[in-house]
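Structure, as structure tokens:
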Amino acid sequence: MMKGEGDARPRVLVRGAGVAGLTSAVTLAERGADVVLQEIGNREGAGASWMAGGMLASWCEAESAPPEVTRDSLESVDWWAGHVPDVARNGTLVLAPPRDGAEIARFARRTSHFQTVDGAGIGALEPDLEGRFDKGLFFPEEGHLDPRKALGALRDRLVALGGTMSVHAPADGVQGDPWHGARPDWVVDCTGIAAENQLTGLRGVRGEMVLLRCHEVTLSRPVRMLHPRIPVYIVPREDHLFMVGATMVESESLASMTLRSMVELLTAAYVLHPAFGEAEIVETGVGVRPAYPDNVPAVTVHGRTVYVNGMYRHGFLLSPSRARRVGEIVFGGPAA
Amino acid sequence: MLFYGTELSSRLMLGTAQYPSPEILADAVREARAGVVTVSLRRESIGSRAGQAFWSLIRELRVPVLPNTAGCHTVKEAVTTAHMAREVFETDWIKLEVIGESDTLQPDMFALVEAARILTDDGFKVFPYMTEDLVGAERLLRAGCRVLMPWGAPIGSGRGLNNLFGLRALRAHFPDVPLVVDAGIGLPSHAAQAMELGYDAVLINTAVAQAGDPARMAAAFRLAVEAGLIARAADPMEQRDMAAPSTPVLGRAVLA
């Protein structure tokens, strides 16, 4: 057992209030740790998490991710549903424009746990897409959430569990004196790409997204539009908002979205339904995903610091399993 | 065969885009025993050095790097990108792509010749991505190119060698120029076919990167390129219209 001297509750400083930091903080607080969460930015999700799609797509991700991503994420939908409101469990629909039908076949070969749906089946799932596509794949076991609302709900939960969260924290050291002179037993570093110089192999992968508001289209689940050049997903959120994302560029630039990326994202929305042509562009966003060379999120221990990083495009999908691992390290438990 | 005075360790050139992860890319490069890796600079270079992390991964592969100007549509873009590439990768090799049409990503031969001339005058060693156009090839050589890279089919289409006649004609017209089939190869058999035609190398990206198991596909391409190269050197037989039995039938009992 790793605990503070003379104290049954380990003192844990969690750095970074993105999805990895908040899930770790909440998991630790639930297990009884004395958690202080410090965020360098001005709110939770000040980094890449804010731009996430929020798809809990264990089976779809198998198209390009190694099997452990699917395996480790099977608990994810249940975890989120048990911790934040409004987690949808309506599955995922995978579609392709008619001339790219071969992409559907390829996607199907590399994934499982789906049903093949025809035009009528697509219309039954998403009435607004009736007659627009002939063939698709439906992954019924998947879910989605609104990342920004989910992060806020985790922050509230942390506080309800007796933890604290502060913003505008320093990059190192402890803000204030939360433990009255005592040092934390553990530091859990969830600072994403900011830890690039501390973690070997960590790099940033730029992503760009658009938030649209369209009153004429209603979707119940994320739709993935397959395309040989520009695969895009469209995730419905409340108030007729749709998140369209996301590009994958091997760059760490946070410069504004390029015209080309914007055209690609908006074209995909327009191909899905022409009514998106009248949509209001509410927001464009750019983030840098932290990633290791295998693009799989990892938990690593260096002395008394636990790093949760390399979330790549799997932040919401894999944070619950990685946070559980952090809990095992802090409280003692099965090895990795 | 020398490419601008350099003997390559293998005739398989491998692109580095679209792999599921850098780790899988590294596995594929190793399995392919690639003689050259190409890397696209344009998209990765938003901002000054923002692609540095990925470029470092490429350099760590320890394979000669051939940077390209993928995604450029004008002479100016391509020339600018080439200069950036020379600085980043410290090489004067540049795979010159100037795209003329966005659906097929077909090269713009006119802009290509112009950009090739500007770059060779500036000391670059240009590997031009071209259509199989014979006259265009002649112009590129006159512009200073010493290697030609005709397409087999549109980039990423996996359709193989679309115009065998055109590719043969290029080989026949330029027996001493290193020729590389670039783009459109989908299967190892396509790569073997290119080598059997007498091409000096092939450049593969999507066919490996988008395979279910890129490293295994890379190994398959390595074997295919080697098979094609050996077959060419072994002087293949000509096709015949008439059957020619490999075992004599004369004198064999026919009423058994």
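Things to note:
- Among the conditions (1) among the aliphatic types (A, V, I, L, M); (2) within 11 Å of the chain's Cα centre (by Cα); (3) within 14 Å of chain A (Cβ to nearest Cβ), B:Ala207 misses just one, which is (2).
- B:Pro150 vs. criteria modelled with pLDDT of 95 or more, within 16 Å of the chain's Cα centre (by Cα), surrounded by fewer than 22 Cβ atoms within 10 Å (Cβ to Cβ) and not polar (S, T, N, Q): no
- Tally, over segment B:125-137, of residues that are among the polar types (S, T, N, Q) and part of a helix (DSSP H, G or I): 0
- Listing of strands (runs of 3 or more DSSP E) fully contained in segment A:154-258 that carry 1 or more residues being buried (at least 23 other Cβ atoms within 10 Å of the Cβ): A:186-189, A:203-213, A:223-225, A:232-237, A:241-245
- Odd one out for B:Glu31, checked against (1) farther than 17 Å from B:Pro128 by Cβ; (2) crowded, with 21+ Cβ neighbours inside 10 Å; (3) of a type outside the set (Lys, Arg); (4) in contact (Cβ under 8 Å) with a residue 40 or more places away in the chain: (2)
- The number of residues in segment A:50-79 that are of a type in the set (Gly, Ala, Ser), more than 14 Å from every other protein chain (Cβ to nearest Cβ) and touching a Ser or Thr at 6+ places or on another chain (Cβ under 9 Å) comes to 4.
- Any chance A:Gly45 is of a type in the set (Gly, Ala, Ser) and either under 18 Å from A:Ser319 (Cβ atoms) or without any contact (Cβ under 8 Å) to a residue 40 or more places away in the chain (or both): yes
- Of the residues B:Arg240, B:Arg171, B:Arg222, the single one that is charged (D, E, K, R), touching a Ser or Thr at 6+ places or on another chain (Cβ under 8 Å) and surrounded by fewer than 22 Cβ atoms within 10 Å (Cβ to Cβ) is B:Arg222.
- Cβ separations smaller than 9 Å between residues 6+ apart or across chains give the following pairs from segment B:134-152 residues that are of a type in the set (Asp, Glu) to residues that are surrounded by fewer than 24 Cβ atoms within 10 Å (Cβ to Cβ): B:Glu138/B:His173; B:Glu138/B:Phe174.
- Here is the figure for segment A:84-124: residues that are within 14 Å of chain B (Cβ to nearest Cβ) and aromatic (Phe, Trp, Tyr) total 1.
- Scope segment A:114-133; condition surrounded by 15 or more Cβ atoms within 10 Å (Cβ to Cβ) and in a loop (DSSP other than H, G, I, E, B); matching residues: A:Phe114, A:Glu126, A:Arg132, A:Phe133
- Positions within segment A:268-279 being touching a residue at least 12 places away in the same chain (Cβ under 8 Å) and part of a helix (DSSP H, G or I), in sequence order: A:Ala268, A:Ala269, A:Val271, A:Leu272, A:Ala275, A:Phe276, A:Glu278
- Considering segment A:7-110, the qualifying helices (runs of 4 or more DSSP H), each wholly inside and each with 1 or more residues that are under 27 Å from A:Ser166 (Cβ atoms) and of a type in the set (Phe, Trp, Tyr), run over A:76-83.
- Residues being at positive phi and either within 14 Å of chain A (Cβ to nearest Cβ) or at pLDDT 95 or above (or both) - total across segment B:1-32: 1
- Filtered residue count, segment B:44-64, keeping only those that are at pLDDT 90 or above and either crowded, with 20+ Cβ neighbours inside 10 Å or within 14 Å of another protein chain (Cβ to nearest Cβ) (or both): 1
- Unique match (being in contact (Cβ under 8 Å) with a residue 40 or more places away in the chain and more than 28 Å from A:Leu219 (Cβ to Cβ)) among A:His144, A:His168: A:His168
- Qualifying residue in segment A:156-163 (condition: under 21 Å from the mean Cα position of the chain (by Cα), of a type outside the set (Ser, Thr, Tyr) and at positive phi): no
- Enumeration of residues in segment A:265-284 that are surrounded by 19 or more Cβ atoms within 10 Å (Cβ to Cβ) and either within 14 Å of chain B (Cβ to nearest Cβ) or not aliphatic (A, V, I, L, M) (or both): A:His273, A:Phe276
- Condition check for B:Leu140: at pLDDT 95 or above, of a type outside the set (S, T, N, Q) and either assigned to a loop (DSSP other than H, G, I, E, B) or under 23 Å from B:Thr6 (Cβ atoms) (or both): yes
The values are calculated or read from the model by the stated rules, or taken from the named source; none is laboratory data. Everything quoted here is computed from the prediction, not taken from an experiment. Here the Cβ is made from the backbone with ideal geometry for all residues, glycine too, and neighbour counts use every protein chain on show.
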